[in-house]
Amino acid sequence: MRIKIHQILLPLDYEEKDILKAAAAKVKCSESLISGLKVIRRSIDARKRSEAPFFSMHVEIEISESAGLKLTDDKDIQIISGEQIFPEIQIPNISGKEISRPVVIGAGPSGLMAALILAEAGLSPLLIERGSPVNKRTPEVSSFWKKGELNQEGNVLFGEGGAGLFSDGKLTTRSKDRLRVRRFLETLVKCGAPEDILIDAEPHLGSDLLKKIVPAFRNLIEINGGEVRFHSRFEGIHVDKNRLRGIIINGREIETESCILATGHSARDVYKILAESGVMLEQKAFAVGLRLEIPQKRIDQAQWGSFAGHPRLGAAGFRLTLKNDGNRRACYTFCMCPGGTVIPCASSEGYLTTNGMSLSARSGPFGNAAFLVPVDPSDYPAEYPEANGIHRILSGIEFQGRIENLAYVAGGSDFSLPAAPLSDFLKNRHPDILPEKRSWPRSRPADLHLVLPGFVCDTLSVAIPKMLRLLEGVSPEEALLYAPETRSSSPVRISRKENGESVNVSGLFPSGEGAGYAGGIVSSAVDGLRAAEAVISFSCCKH
Ligand SMILES: Cc1cc2nc3c(=O)[nH]c(=O)nc-3n(C[C@H](O)[C@H](O)[C@H](O)COP(=O)(O)OP(=O)(O)OC[C@H]3O[C@@H](n4cnc5c(N)ncnc54)[C@H](O)[C@@H]3O)c2cc1C
């Protein structure tokens, strides 16, 4: 008999044997009757300030039917009848059919996952990526960070692994699609990720691990019959009578009937190509703001109290929200990187944005998070009165670009980050100096009010101090702001039907963050998985 037990509570320094003991106590049986035990989920509960943080676990146990167990109606105990907790996603193998080879564009989480599933289905997909493989991309990024030398095709945003390669590698998601999330996480484990990501409530990898996992992921695609081409840029689309006929890569057409377009939301040229080719796009709301950095030890103290520094707790994160109060917009934190570094990102000359990354140990002295203010299409038409037709749809990108260009200039036009102590930002004054200790030394004092629109600065000036008060003990005096955070999500959506296909180009499957339906590593990968399933059904129906 298999039993799922919720809410096994254990102290921070529990040992493996304590899980068995606690499970036996919960079902009121002897430990010797439990023949198997598997942890399904593990989270840290630190909500009660007066008590020590503890682990809360869900476990599955195996008990002999003959044990004669009398289960009470404890809501935390549930008999599992036969079914697997995470049933496998079934991918049919349709190799051998006369099917045109599908093309996947973009080797970020979405494109990688899509290509793997298509390869497993026997469709030998072709995966196209404009940037370099991880081993070449790393020195390209390093020369951008050290000297401000930008390679417009291989950078923090473009190249194998996509936008998330130089990241915190947080694997949290709001996706309710548990099985596909599980499938993606299991694939990461197969490619070298620690098994803990399958059970932790807030799993993360860090950039050092991602750089090992992503090439193994590519290898898996190739072993299953896929082909990966780097330095190959998608430049156009051939559509005839609303059906996809081919795509243009480096000036040459590749014929195909199905293409998963997973180019992320930094590929602004791709939106332009699609708009000019008549692919239906829509504007969507997004958010802009600043990235704030504070000493990690203050965050740990605020979250863990006297238990800060406990090795099982690691570096603490936070999520803060301030609701819209009728007069002022909402503000929320995004992509918090405990023990991480603020980084500059760019994919074209003259445009600069920030983000955060960390290594698996998350042991850096600072934590950072974006503080974002929502914007929607009604915020920018006035700024772009000339915008009409396709350019009207792309005006959110123009809005982002204008901020990024101002940031580039404010940082000294060499991809140094413009930065300001929070105290200067709140007093609306140009900072003279930045703190000597900061995570991104290649940053310059700048008046950040000159970078972001007034309504965003006004909201942040009120919201940040209020939000920091929620993190008791974190002082605004210790906070440093870097500008700007503009690419938390796409300002454009590539309109899709229920099955994920473009509404007006049959055979085109926009996927991932750039399609405007996903955000973050896991949700983009899950979206890629679904796009691959849709291509498999599309191919089966046609042939
Ligand atoms: C620095 C940073 C840190 C982040 N940290 C996290 C985090 O910790 N957790 C999290 O969940 N999310 C994080 N994100 C967001 C996350 O990386 C994205 O949500 C995710 O990568 C989106 O996946 P995607 O596959 O849809 O697109 P992308 O990852 O953007 O991949 C798109 C790929 O397409 C390629 N491409 C673009 N145009 C073309 C073209 N014309 N031809 C061929 N190829 C093209 C690009 O080179 C790129 O490799 C972070 C992002 C950044 C930038």
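Each reported figure results from applying straightforward, stated rules to the coordinates on display, with no laboratory input. Quick caveat: nothing in here was measured; it's all calculated off a predicted structure. Reconstructed Cβ throughout: ideal geometry from the backbone, glycine too, with neighbour counts over all protein chains shown.
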Tensor-based shape of region 286-485 (alpha-carbon gyration tensor, a/c under 1.5 rounded, otherwise prolate or oblate): prolate
Rounded to the nearest 20 debye, dipole of region 2-80 from Cβ charges on Lys, Arg, Asp, Glu: 260
Efficiency of FRET from Cβ geometry, ASP18 and ARG49, R₀ 25 Å, rounded to 0.05: 0.55
Linear extension gain, GLU472 paired with GLU227, 0.36 nm per residue minus alpha-carbon span: 83.0 nm
Cα-Cα over 28 Å, subset of LYS75/LYS466; LYS17/LYS75; LYS70/LYS190; LYS147/LYS284: LYS75/LYS466; LYS70/LYS190; LYS147/LYS284
FRET efficiency estimate (nearest 0.05) - Cβ-Cβ, SER143 to ARG328, R0 51 angstrom: 0.75
About the Cα centre, charge dipole magnitude for the chain (Lys/Arg +1, Asp/Glu -1 at Cβ), debye: 440
Listed pairs LYS212/LYS437; LYS211/LYS427; LYS211/LYS297; LYS323/LYS427 exceeding 32 Å between Cα atoms: LYS211/LYS427
In nm, spacing of pseudo-spin labels at LYS297 and SER461 (7 Å Cα→C-beta vector): 3.3
Trypsin sites (Lys or Arg not before Pro) within region 330-429, DSSP loop, no more than 15 other Cβ atoms inside 10 Å: LYS427, ARG429
Region 2-80 - Rg over Rh from alpha carbon coordinates, Kirkwood radius: 0.99
Gain in span if fully extended, HIS6 to ALA361, counting 0.36 nm per residue against the direct Cα distance: 124.9 nm
DSSP beta bridge pairing in the chain, given as percent antiparallel to the nearest 5: 80
Label point at ASP269 placed 7 Å out along Cα→Cβ; residues across region 133-154 whose backbone nitrogen lies under 14 Å: 151-154
Whole-number percent relative contact order across the chain, with pairs defined as alpha carbons under 8 Å at least 6 apart: 17
Distance between modelled label sites at ASN135 and GLU349, nm, 7 Å Cα→Cβ extension: 3.1
Burial order of peptide ranges 208-216, 486-494, 188-196 (average beta-carbon count within 10 Å, highest first): 486-494, 208-216, 188-196
Whether the chain is rounded, prolate or oblate, judged on the alpha carbon gyration tensor where a/c under 1.5 counts as rounded: oblate
Additional length obtainable on full extension of the chain from GLU153 to LEU69, 0.36 nm per residue less Cα span: 23.9 nm
Dipole magnitude of region 115-242 about its Cα centre (Cβ charges: Lys, Arg +1; Asp, Glu -1), debye to nearest 20: 140
